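All remarks here apply to the structure that follows.
The values are calculated or read from the model by the stated rules, or taken from the named source; none is laboratory data. Note that the structure is predicted; figures quoted are calculated from it, not measured. Cβ sites come from the backbone with ideal geometry, for glycine too, and all protein chains shown count toward neighbours.
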Amino acid sequence: MDIETLINPEEIEALARQYGPVERRSYSLEVGRRNFEYWRRELVEKRRGEVVFVVRGPGGLILHTKDFYPPGTYRLPSGGVRWGESVLSALHREAREEMGLEVEVDRFLGLLEYEFRCQGEMMPFVSYVFLVREAGGELAPQDKEERILSFRQVPVAELSAIADSLRAMEGDWQGWGEFRAIAHDFVVEMMGSI
């Protein structure tokens with residue numbers, strides 16, 4: 001499987017026309033076997049990528065943590081784009097499931113393309129990053145299987161520190177933290193240009 005298998009060019013063009021020019025970036029990450037196998041299962045069985053949603057709340061950008069994360073670990077919410085599902089449908093579904101919110105897109109910030117590498121094997125993955133605003137609902141997870149423990153709000157400037165803490169994760173969390181840090185750094189950069 002290659003990166004182009006995961007991306008629908010017509011969909012990207014339509015999103016760019018509707019929500020502004022899209023920044024496209026590529027990253028290559030060495031990850032441990034456990035992370036590599038997890039992403040392989042997620043891609044083959046469930047999704048062709050993910051949406052990362054940057055929600056502006058009254059106190060800043062909304063982050064979440066899950067009950068199985070190391071203590072104190074917060075990050076931007078994200079959710080899977082299922083095979084056969086449009087990116088926008090996934091965005092709205094995931095915002096409802098994870099946050100209980102209806103959202104409206106302000107901007108399609110970017111498409112992040114990843115190449116996960118492990119012991120000579122390679123696997124692609126993509127993240128579609130959106131800046132959105134609340135349009136209804138109440139901040140509370142709706143899908144118990146997501147295991148969301150709590151939310152917090154931070155100013156954009158604090159995302160760099162969040163990215164640093166994700167990159168500093170150790171053990172089995174190291175590859176996951178490095179991967180998750182990229183979207184946070186990207187959002188800081190893009191929010192500075194809006």
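Per-structure values
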quantity	calculated
Among residues of the range 152-181, those that are within 13 Å of Val31 (Cβ to Cβ) and assigned to a strand (DSSP E or B), counted	0
Selection from the range 124-149 of residues that are surrounded by fewer than 18 Cβ atoms within 10 Å (Cβ to Cβ) and touching a residue at least 12 places away in the same chain (Cβ under 8 Å)	Arg133, Ala135, Gly136, Gly137, Glu138, Leu139, Ala140, Gln142, Asp143, Glu146, Arg147, Leu149
Unmet requirement for Glu113, which otherwise passes all of (1) of a type in the set (Asp, Glu); (2) touching a strand residue (DSSP E or B) at 6+ places or on another chain (Cβ under 8 Å); (3) within 24 Å of Pro58 (Cα to Cα); (4) at pLDDT 95 or above	(3)
Tyr19 being buried (at least 16 other Cβ atoms within 10 Å of the Cβ), hydroxyl-bearing (Ser, Thr, Tyr), at pLDDT 95 or above and in contact with a strand residue (DSSP E or B) (Cβ under 7 Å, 6 or more places away or on another chain)	yes
The range 49-72 - residue that is over 17 Å from Ala157 (Cα atoms) and over 13 Å from the mean Cα position of the chain (by Cα) and, of those, surrounded by the most Cβ atoms within 10 Å (Cβ to Cβ)	Thr65
Pairs with Cβ under 8 Å, 6+ apart, first in the range 161-173 and farther than 17 Å from Leu63 by Cβ, second in a helix (DSSP H, G or I)	Asp172/Arg34; Asp172/Asn35
Strands (runs of 3 or more DSSP E) within the range 48-124 that include 1 or more residues over 24 Å from Asp2 (Cβ atoms)	60-66, 101-118
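Listed here are the residues, each with its yes/no results for (1) surrounded by 17 or more Cβ atoms within 10 Å (Cβ to Cβ); (2) over 23 Å from Arg34 (Cα atoms); (3) touching a strand residue (DSSP E or B) at 6+ places or on another chain (Cβ under 7 Å).
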site: Arg107; (1), (2), (3): yes, yes, yes
site: Met122; (1), (2), (3): no, no, yes
site: Phe151; (1), (2), (3): yes, yes, yes
site: Trp173; (1), (2), (3): yes, no, no
